[in-house]
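Let me begin by presenting the structure, written as structure tokens, before commenting on it.
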Amino acid sequence: MLEANNLEVVYDDVMLVLRGVSLRVPEGRIVALLGANGAGKTTLLRALSGLLDVHDGKITRGRITLDGEPIHRASPTRIATLGVKQALEGRRILAELTVEENLRIGGHSRPRGIKQNLDRMYELFPRLRERRRQSAGYLSGGEQQMLSIGRALMSEPRYLLLDEPSLGLAPLMVQQIRDLIVKINAAGTTVLLVEQNATMALSIADHGYVLETGKVVMDKPAAALLADEDVREFYLGLR
Ligand code: ATP
């Protein structure tokens, strides 16, 4: 279980962005993290994967534990080694490198497993196999998203953190990404999914959290969130 307890995060020493957030991601599940722009979803993912430092952010209160052991003071590399990995924010793939080179970089922490993991990725993402020798910069938005996910999976994480994988994609591609997340989860990877597309996220998640200005305002089974009229209207922008 990956768990945040009463987490408080500040940027630039002054800007309080998470105000006592608690969240549980039980092994084997898909957990959705929803909320409006600026609610703090990305910040929570950065905290969980140890990437706050890079953005001048700091945990000022609370803790993060993995199987009960505190990890909130650990480096991103250490956290990744322990099995918590975030797919690159904003699909920050290396555009001038080939698809395969990008995947290989993702697997650097597991050098002996690279060949096998590449095969696994090409099976999961046949499009990436077709384009493996092309520069990643030439991929479509959806393919870049797949590459970003594939690159994170190359390190064989137990917990995969995804930040808006459907952002900017056409409906058919959103559907494909959705199916891929289900497949990745079925193969044993736990998923924490940040999404603006609440319907998509809740349709595959076991549990959902809604963040509002740095606080958890809803914490319920996904089906209950989807069924609740008020939640749909006020928090999810659905009708
Ligand atoms: P979005 O969907 O727009 O990405 P979000 O829920 O992921 O929203 P965050 O990106 O976590 O929200 O941002 C929460 C707040 O923190 C916002 O007010 C944002 O402007 C601020 N913020 C994010 N990153 C930084 C940073 N590096 N320095 C200062 N403030 C930041």
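Are any of the pairs K85/K183; K85/K115; K58/K220 more than 24 Å apart by Cα-Cα distance, and if so, which? Intermediate results must be reported in sequence, preceding the final value.
Numbers: K85/K183 17 Å; K85/K115 20 Å; K58/K220 28 Å.
In this structure, K58/K220 lie more than 24 Å apart at Cα.
Based on protein heavy atoms only, the chain ends up with 48 Å² per residue of surface accessible to a 1.4 Å probe.
Judged by the mean number of other Cβ atoms found within 10 Å, the most tightly packed of the peptides 178-185, 102-109 leads the ranking 102-109, 178-185.
Diffusion of segment 29-108 by Stokes-Einstein, at 4 °C in a medium of 1.567 mPa s and with Rh set to the Kirkwood radius over alpha-carbon pairs, works out to 90 µm²/s. Its convex hull of Cα atoms gives the chain a direction-averaged projected area, equal to a quarter of the hull surface, of 12.2 nm². Axis of helix 171-186 versus longest Cα principal axis of the chain: the two differ by about 90°, to the nearest ten degrees. A Förster radius of 22 Å combined with the Cβ-Cβ distance from A186 to R24 puts the calculated FRET efficiency at roughly 0.60.
Rounded to whole numbers, the Karplus 3J(HN,Hα) couplings from phi for segment 188-198 are x, 9, 6, 10, 10, 10, 8, 8, 7, 7, 5 Hz, using 6.51 cos²θ - 1.76 cosθ + 1.60 with θ = phi - 60°, and x at Gly and Pro. Taking the alpha-carbon centroid of each part, what is the distance from segment 92-170 to segment 60-82 in angstrom? If we compute the Cα centre of each part, the gap is 25 Å. Each peptide in 137-143, 65-71 receives the mean, over its residues, of other Cβ atoms within 10 Å, and ordering these scores from highest gives 137-143, 65-71. Along segment 127-142 the Karplus relation, 6.51 cos²θ - 1.76 cosθ + 1.60 evaluated at θ = phi - 60°, assigns HN-Hα couplings of 4, 5, 5, 4, 10, 5, 9, 8, 5, 4, x, 8, 6, 6, x, x Hz to successive residues, with x for each Gly and Pro.
Can you sort Y235, Y159 by 1.4 Å-probe accessible area, starting with the largest?
Values: Y235 75, Y159 0 Å².
The most accessible residue leads, giving Y235, Y159.
For segment 194-234, with all protein chains present and a 1.4 Å probe, just round the carbon and sulfur fraction of the accessible area to a whole percent.
Details: 950 of 1910 Å².
About 50 percent, which is the carbon plus sulfur part of the accessible surface.
So the label point goes 7 Å from the Cα of F234 along Cα→C-beta, right? Which residues of segment 42-79 then have their backbone N under 12 Å from it? No residue passes the distance filter. Near the amide H of R61, within less than 5 Å, lie the amide hydrogens of E8, all on another chain or at least 5 residues away, with H placed in the peptide plane. Probe radius 1.4 Å, ligands and nucleic acids ignored: give me the carbon and sulfur share of the accessible area of segment 21-150 as a rounded percent. That share works out to 46 percent.
The values are calculated or read from the model by the stated rules, or taken from the named source; none is laboratory data. All figures in this text were calculated on a predicted structure; none of them were measured in a lab. Cβ sites come from the backbone with ideal geometry, for glycine too, and all protein chains shown count toward neighbours. What goes into the accessible areas is simple: the full protein's heavy atoms, side chains included, and nothing from ligands, DNA or RNA. Shrake-Rupley method; radii C 1.70, N 1.55, O 1.52, S 1.80 Å.
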